[in-house]
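Novice: Sharing a structure, written as structure tokens. Questions coming.
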Amino acid sequence: MDVLALAPHWGPGMWWPVFPAFWILFWVALATLAFRARRNGWGPWSGHRASPSSPVSTTASAEQILAERYARGEMSSDEYFEHTSVLRGGVS
């Protein structure tokens, strides 16, 4: 005699559609998160972004501050060019 006939509680039962639906939803959610993370620039594929402690961003922000001070008239053009050349590694 068949084993399933002796034990009717064995087998897929009425819950069998739930498990494939769960896995489909899981993979759709994972793909959606990966797509949104890539679009928002998060994760290993976002490219190199300079951290605040890196010299590139520090020099860029210092140059921006100097440019703002020069635009407000707080320093002369000679002072501005002298400071920017020092920031870029030149000799004053």
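Novice: When you scan the range 13-32, do you find a residue that is modelled with pLDDT under 75, β-branched (Val, Ile, Thr), assigned to a helix (DSSP H, G or I) and surrounded by 10 or more Cβ atoms within 10 Å (Cβ to Cβ), even just one?
Specialist: no
Novice: Based on what the data block shows, is His83 under 21 Å from the mean Cα position of the chain (by Cα) and either at pLDDT below 90 or not aromatic (Phe, Trp, Tyr) (or both)?
Specialist: no
The values are calculated or read from the model by the stated rules, or taken from the named source; none is laboratory data. Here the structure is a predicted model, which means the values were calculated and not measured. Cβ sites come from the backbone with ideal geometry, for glycine too, and all protein chains shown count toward neighbours.
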